[in-house]
Amino acid sequence: MKQQAVIKGLGFHVPERILTNQDLERLVETSDEWITTRTGIKTRHVISPGESLSDLTHGASLKALADAELPPEAITHILVATFSPESVIPSAACVLQDRLGLRGRMAQDISAACTGFLYALETARGLLALHPEAKILVCSGDVVTSRVNWEDRGTCVLFGDGCGAAVLTADDGGPRRTVLRDVALASDGALGDLLSVRGGGSGTIYKLGDPVGEEYFVQMKGREVFKHAVRSMTEVSRNLLERHGLTTDDVDVLLPHQANLRIIEAVGKKLGIPNERVFVNVHKYGNTSAASVPIALAEAVHGGFVQPGQRALLTAFGGGFTWAAALLDF
Ligand code: ACO
């Protein structure tokens, strides 16, 4: 029988500094009313000078390890899902590996934008199938605000920084938190231009002293992204449930990517899952990209929104485009 992957511990870390909608009113021509009605976002956490992604991955990892009651040395593999590593080389996973003092462990980045956590969970499941003794640290986070044009009111109000982490092992029959029952992943690169960060990639060659242009920041066709996000998260969620002979009636809790309250509510409605069973924290954190789903998961578990014996459906959508769903049995 296929080895089951289980989540042993969860944690998250966000920077201390908070930007409110009122703070943004002083930066660009916007209003608390516009941001609230279009997105549901009230505050977001952003890094301060001197802080970087590894402060977030490190903080989230220590919390997930404590939750799993495992010392850092127990970890055999490190996966970091992010589109905003603090450097191209070394990878975010290598930087984290060094900060945790885990010399010699496998360390690898995964790039799937806001869908990164679910891509990393499926990668961890594959590693556990090959190495049942593995103890895998999955970190998923972004410093989105490092790639936001603070003069573009259409994007800068939407995002925040943060990181979530999970520790996965094969099911050892011991006390366990959560069974990762299945994951479905999808992508469509033909739609990549609808949400992109082109600058910094090798498609844009900079010479020393060149200024960065708009290509360096998040570029987005908001309305198109909105439509695709709702359609794709609904579709992949249904496909995953069907694969297991389940319907949304078999789902106790929906944990969707926290991009925007209107997207979250539209997905819940299309799936026929009432608002009270849909987890929402986008008002506090904004869209934290790869961190959004694991932060939601950690808060939902530790805050009691999801209970032992229940089933959760996770779904995400992001640049690429990438999208995914996962089923967790608590
Ligand atoms: N404050 C005030 N006015 C604004 C702001 C702002 N922050 N931003 C845009 N506007 C204006 C526009 O200039 C436009 O004005 P105009 O009519 O005079 O031209 C007007 O508001 C409407 O702009 P739209 O972009 O059409 O507004 P829309 O209703 O589509 O809402 C939004 C924009 C919130 C971005 C929406 O399209 C959306 O949520 N899209 C999804 C995008 C998303 O969540 N992306 C995150 C990354 S992908 C992901 O994680 C799923």
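The values are calculated or read from the model by the stated rules, or taken from the named source; none is laboratory data. Please read these numbers as outputs of a predicted model, since none were measured by experiment. Cβ: placed from backbone, ideal geometry, glycine included. Neighbour counts: every protein chain shown.
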Subject >> Residue count, the range 143-175 (criterion: within 16 Å of ILE41 (Cβ to Cβ) and assigned to a strand (DSSP E or B)) >> reply: 3
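Looking at this structure, is GLU25 assigned by TED's automatic domain parsing to the domain that holds GLY160 and over 21 Å from the mean Cα position of the chain (by Cα)? I'd like the intermediate steps shown before the answer.
Values: assigned by TED's automatic domain parsing to the domain that holds GLY160: yes; over 21 Å from the mean Cα position of the chain (by Cα): yes.
Yes: the conditions hold for GLU25.
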**OP:** Those residues that are closer than 18 Å to LEU10 by Cα and among the acidic types (Asp, Glu), I need them from the range 82-122; list them, please.
**Re:** GLU122
**OP:** Could you pull out the residue among GLY203, GLY192 that is surrounded by fewer than 16 Cβ atoms within 10 Å (Cβ to Cβ) and within 16 Å of the ligand (Cβ to nearest atom)?
**Re:** GLY192
**OP:** Within the range 99-133, track down each residue that is under 19 Å from LEU328 (Cβ atoms), away from the ligand (no atom under 16 Å from the Cβ) and either touching a residue at least 40 places away in the same chain (Cβ under 8 Å) or not assigned by TED's automatic domain parsing to the domain that holds CYS163 (or both).
**Re:** ALA120, LEU121, GLU122, THR123, ALA124, ARG125, LEU127, LEU128, ALA129
**OP:** Mind listing just one residue for me: the one in the range 16-40 that is touching a Leu at 6+ places or on another chain (Cβ under 7 Å) and assigned to a loop (DSSP other than H, G, I, E, B) and, of those, nearest to the ligand (Cβ to nearest atom)?
**Re:** THR30
Subject >> Top-ranked residue in the range 134-160 [being more than 8 Å from the ligand (Cβ to nearest atom) and hydroxyl-bearing (Ser, Thr, Tyr); ranked as nearest to HIS58 (Cα to Cα)] >> reply: SER140
**OP:** Output the qualifying pairs, or none if there are none: Cβ atoms under 6 angstrom, residues six or more apart or on different chains, first residue in the range 174-196 and at pLDDT below 95, second residue surrounded by 14 or more Cβ atoms within 10 Å (Cβ to Cβ) and part of a helix (DSSP H, G or I).
**Re:** none
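Hey, does the range 50-70 have a residue that's within 16 Å of the ligand (Cβ to nearest atom), crowded, with 24+ Cβ neighbours inside 10 Å and under 30 Å from PRO132 (Cβ atoms)?
So far as the range 50-70 goes, no, none of its residues is within 16 Å of the ligand (Cβ to nearest atom), crowded, with 24+ Cβ neighbours inside 10 Å and under 30 Å from PRO132 (Cβ atoms).
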**OP:** Would you be able to tell me the number of residues in the range 253-264 that are touching a strand residue (DSSP E or B) at 6+ places or on another chain (Cβ under 8 Å) and either without any contact (Cβ under 8 Å) to a residue 40 or more places away in the chain or within 15 Å of the ligand (Cβ to nearest atom) (or both)?
**Re:** 8
Original post:
What pairs can you find where one residue is in the range 275-300 and farther than 20 Å from GLY222 by Cβ, the other is among the hydroxyl-bearing types (Ser, Thr, Tyr) and surrounded by fewer than 24 Cβ atoms within 10 Å (Cβ to Cβ), and their Cβ atoms are less than 7 Å apart, with a gap of 6+ or different chains?
Top reply: LYS284/THR43
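Regarding the range 305-313, can at least one residue be identified that is more than 10 Å from the ligand (Cβ to nearest atom), part of a strand (DSSP E or B) and either buried (at least 22 other Cβ atoms within 10 Å of the Cβ) or without any contact (Cβ under 8 Å) to a residue 24 or more places away in the chain (or both)? Give the derivation first.
Step one: list which residues in the range 305-313 are more than 10 Å from the ligand (Cβ to nearest atom), which gives 305-313.
Imposing the further condition that a residue be part of a strand (DSSP E or B) reduces the set to 311-313.
Adding the requirement that they be either buried (at least 22 other Cβ atoms within 10 Å of the Cβ) or without any contact (Cβ under 8 Å) to a residue 24 or more places away in the chain (or both) leaves 312-313.
Looking through the range 305-313, at least one residue is more than 10 Å from the ligand (Cβ to nearest atom), part of a strand (DSSP E or B) and either buried (at least 22 other Cβ atoms within 10 Å of the Cβ) or without any contact (Cβ under 8 Å) to a residue 24 or more places away in the chain (or both).
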**OP:** Would you mind telling me which numbered condition in (1) under 20 Å from ASP329 (Cβ atoms); (2) in contact with a helix residue (DSSP H, G or I) (Cβ under 7 Å, 6 or more places away or on another chain) ARG238 fails?
**Re:** (2)
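Which one of these is crowded, with 16+ Cβ neighbours inside 10 Å, within 14 Å of the ligand (Cβ to nearest atom) and closer than 21 Å to ALA190 by Cβ: VAL282, VAL267, VAL293, VAL236?
Working: VAL282 fails: closer than 21 Å to ALA190 by Cβ; VAL267 fails: closer than 21 Å to ALA190 by Cβ; VAL293 fails: closer than 21 Å to ALA190 by Cβ.
One residue alone meets the criteria, VAL236.
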Original post:
If you scan the range 161-189, which residues turn out to be away from the ligand (no atom under 14 Å from the Cβ), under 24 Å from GLN219 (Cα atoms) and surrounded by fewer than 16 Cβ atoms within 10 Å (Cβ to Cβ)?
Top reply: GLY189
Original post:
Which residue pairs have Cβ atoms under 7 Å apart, sit 6 or more places apart or on different chains, and have a first residue in the range 43-59 that is farther than 11 Å from ALA92 by Cα and a second that is in a loop (DSSP other than H, G, I, E, B) and aliphatic (A, V, I, L, M)?
Top reply: HIS45/VAL14
